[in-house]
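Peer 1: The structure that follows is given in the form of structure tokens.
The values are calculated or read from the model by the stated rules, or taken from the named source; none is laboratory data. Please read all numbers here as calculations on a predicted model, not as lab measurements. Neighbour counts run over all protein chains shown; Cβ positions are idealised from the backbone, glycine included. In case anyone asks, the SASA skips ligands and DNA or RNA and just uses the protein heavy atoms, side chains included. Shrake-Rupley method; radii C 1.70, N 1.55, O 1.52, S 1.80 Å.
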Amino acid sequence: EKNAVKLGVGVEGGFQSDQEKYDTISTYSIVLMGEGASNDTPQVIHEMPFDAESKKSFPMLVSQSADAIIHHAGLAVKQDLTAWELDDEPKPVSKYAESLPFVGNGVKVSPNPSDWKCEKSGDKENLWLNLSDGFIGGGRKNWDGSGGSNGALDHFTEAGEKYPLVVKLGTITEDISTADCYSYAKDEDGPVEIPNLKELLEMRGIMVAGMQKTVKSTAELEVELNATYAFDAITEKGAHLIPVAGSGLHGLQNLGNSCYMNSCVQMLFSGTVPEISSRYGTKDGVTSNSLLKISPTKAPDDLLCQASKISCALTSGAFCGPVPKSAEVSDPSTSDPKYRLAPRMFKHVVGHDHVDFRTGQQQDAAQYFSYLLEKLDRAELGAGGRLQRKDGSGPPLVSSYLFSYKTESRLVCEADNMIKYTESPPESMLSLRIPMSKSQLPDTSMPDLKRQKSADPGDDDKEKKEVPTVTFDACLHEWSALNTIDDYRWPHLQKSISPATSQTRFVNFPRYLLVHMQRYELGEDWQPHKIEVDIDVPEEISLEKFKGTGPQEGEKLVPDEEEGTEEANTAPSVPSVDEGALGQLMDMGFNMNGCKRALIAVGGSNVEAAMNWVFEHNADPDFNDPIPEGGTASSAAAPSDSDVDESVVMSLVENLGCFTADQVRAAVKHCSGAADRAADWLFSHMDDLDGAIAALENNAAAAENSEPKPTMMLEDGDGKYNLVGLISHIGKNTGSGHYVAHLKKNGKWVIFNDEKVALSEHPPIRHAYMYLFQRSDTVGSPHIEF
């Protein structure tokens, strides 16, 4: 195998996938089945090979049916991509290359690498040649003191920033495209392509013919750094992992950038949350769950059926193959289709109507987890007789109930010290900012915390990067800290403005607490960047000190009656939030609630205007707070026919040219007035458009006739939690890279890296992106309603 120079699987220059290591030979047979000892284990009565020769001996209808099954592509062709790859955009051509100033100072560069050294520090490693004046300087110095001497960059600054282009000595070969070039110019400041590099080098006496590469390029070092820090830490490369298989220990095939989905599915449906696996998983047999009893024509689009199918497969262990001898060495048997779980139907039914999740691109696992819970809730509430409470008294508790909590905000008016308490709507994910101001670097004076040399032979001089650490407790304190609101409008002061202090606390402690760490922030270039930090998370935590107390004796409360209903009655209608715009904003690293606030403030769909709003308000104390009831698109009522903008309808009718006005009107109404989503909906339902519109009308009528659901009392407990699962991310941002799950099974940590499942030696708790905690008093006592 060739050494990887790109952090990716199945891509040129990356790591080989298992499919590339082996050839798969498929054979087919037609079998006669009969009932066995149980309905779940049918017996093969007779088997006949089916190939090009033997097919002539079968009746025509049998041969045609077999061929149709063999060649049926289905979702496999639509979704089966083979690679995940980190965000690696092509290097731009430097705009300074063509007219680069050249200083005729007679400087020639020696062809002997031993003569090269930094003209400032004398260093002989990591050297860069300035292509304008021939100055040789050391590479950038890193924030922790590692890296080069910074000589090349300092020279660029001292020379008045006139000579921005440099090339790394030792990376120049006859193939000039392999040379490592960089631009220090402020408007480029990154790796670049220099088309005329050969000519510029010859002017300094460097003849590229016959030159050999002697040092690693920046790209190779970046892959190496990722591999030695986050990548290997998260995937546990180098550890002697013991493969496991069985109930709750089956991997999922990567369909192409679907590791974000695989990690969430393992966390929800493989047994880590017993209530979910009880509802959707196996009971008395792999096909015994009643949610699977549905017409084959409806099954592909039925979320309950597909969730049950994937959960039964994971929890039963019925499809597990032989356990590989090693997690590091690939086994050809793992590529046998009969042992592989490819969740294509599940991916389709969850994401087919979502602008991002229906694509083959990498997505944010936290965003997907929230969306999946919302989809499950809607499907469970609309299940009718398929899902009922244990006593048959009505609709079941929805899945998100297990994760739901409310928060209490305590507002104190500085004008008169009166106090106002508000409760948020239920949330299912706690999103925490990482307070880098409270981070600490490891104490290198301690023997066990000194920099660790690389364990790779031949890399004795390579050192791992020191990364600061923030405690989980510090993140919680940051979330619940006192905040000052300068321009709060108080109802009891005749709507006048007075500063207020606000503090957030938990109203209840849910059975499962899902925590999302905001590891990504928006940089100066408006692109999301990963915060390199370790989070010190104990496996047992107590949140008792973060519990809200509600109004206390002696407190002067803001009178409720002074918050009249006139303003509420005359308040403008809240615009619906465009799903695609919300996804784009969240991809930039912001919390869902903040993104919704921004879109609502600018009309619901304008991403650029919403970004400007975010930059102006991201420091607001309530930026990440949940939107009040009625303030989100999901809680707003669907528009009636009279609310539909007829100009949008007629524009779509004219531009699309193949739909009637009534069909377009129904689509626009369903998509809350968004023309682009309405067009997508129409084209995705062309096979049975009239039937799809009829279903929309039936659902709308049922919603109008249904009685308001009583408010469900959320579960509460003592606030002590155990860590039972985590999802980690490798990559520059959540829209690229790779996700891996670690789950606690019977007291032991297990790594789920797509299809690879093994006992974990060193779970990457400090590197995780999402954490799942279970309340201690519920361990071993699943909720009876599930």
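Peer 1: Calculate, for segment 379-418, the solvent-accessible area per residue in square angstrom, rolling a 1.4 angstrom probe over the heavy atoms of the protein chains.
Peer 2: Ligands and nucleic acids excluded, the result is 42 Å² per residue.
Peer 1: Next question, about the same structure. Could you state how much accessible area Val215 has, in square angstrom rounded to the nearest 10, with a 1.4 Å probe and all protein chains kept in place?
Peer 2: Roughly 50 Å² of Val215 is accessible to a 1.4 Å probe.
Peer 1: Continuing with this model, one more query. For Ser177 and Ala695, what does the FRET efficiency come to when R0 = 35 Å and r is the distance between their Cβ atoms, rounded to the nearest 0.05?
Peer 2: FRET efficiency, Ser177 to Ala695: 0.05.
Peer 1: Next up: Quick one: how many Å² of Lys120 are accessible to a 1.4 Å probe, rounded to 10?
Peer 2: 100
Peer 1: If amide H atoms are built 1.01 Å from N in the plane of the peptide, which residues on other chains or at least 5 residues away come under 5 Å of the amide H of Tyr769?
Peer 2: Close amide H contacts, sequence-distant or interchain: Ile727, Ser728, His729.
Peer 1: If you average the C-alpha positions of segment 475-539 and of segment 95-136 separately, how far apart do those two centres end up, in angstrom?
Peer 2: Rounded to whole Å, the Cα centres lie 49 Å apart.
Peer 1: If I take R0 = 22 Å and measure r between the Cβ atoms of Leu441 and Glu521 in this structure, what FRET efficiency does the formula 1/(1 + (r/R0)^6) give, to the nearest 0.05?
Peer 2: 0.70
Peer 1: Further question: With each pseudo-label sitting 7 Å past Cα toward Cβ, what's the Ala661-Lys162 distance in nm, one decimal?
Peer 2: Calculated label separation equals 7.0 nm.
Peer 1: In whole Hz, what ³J(HN,Hα) sequence does segment 152-157 give by Karplus (6.51, -1.76, 1.60; θ = phi - 60°), x for Gly and Pro?
Peer 2: Result, rounded to whole Hz: 5, 5, 4, 5, 4, 5.
Peer 1: Using mean Cβ contacts within 10 Å as the protection proxy, how do 243-255, 279-291, 481-493 order, highest first?
Peer 2: 243-255, 279-291, 481-493
Peer 1: Note down the net charge around Ser121, summing +1 for each Lys or Arg and -1 for each Asp or Glu among other residues with Cβ under 11 Å from its Cβ.
Peer 2: 0
Peer 1: With each label point set 7 Å from Cα along the Cα-Cβ vector, what nm distance links Gln361 and Tyr339?
Peer 2: 3.6
Peer 1: I'd like the Karplus ³J(HN,Hα) series for segment 304-313: coefficients 6.51, -1.76, 1.60, θ = phi - 60°, whole numbers in Hz, and an x wherever there's a Gly or Pro.
Peer 2: Karplus-based 3J(HN,Hα) across segment 304-313 equals 4, 5, 5, 5, 5, 4, 6, 5, 4, 5 Hz.
Peer 1: Summing +1 for each Lys or Arg and -1 for each Asp or Glu, what net charge is found among the other residues whose Cβ lies under 10 Å from the Cβ of Lys547?
Peer 2: Computed value for this residue: -2.
Peer 1: Which GluC sites (Glu not before Pro) does segment 168-198 hold that lie in a coil by DSSP with at most 14 other beta carbons within 10 Å?
Peer 2: Listed in order of number, the matching sites are Glu174.
Peer 1: Within the set of other residues whose C-beta is less than 15 Å from the C-beta of Gly780, count the net charge using Lys and Arg as +1 and Asp and Glu as -1.
Peer 2: Residues near Gly780 contribute +3 overall.
Peer 1: Can you tell me the FRET efficiency between Ser781 and His352 if r is taken as the Cβ-Cβ distance and R0 is 51 Å, rounded to the nearest 0.05?
Peer 2: According to the calculation, E is roughly 0.85.
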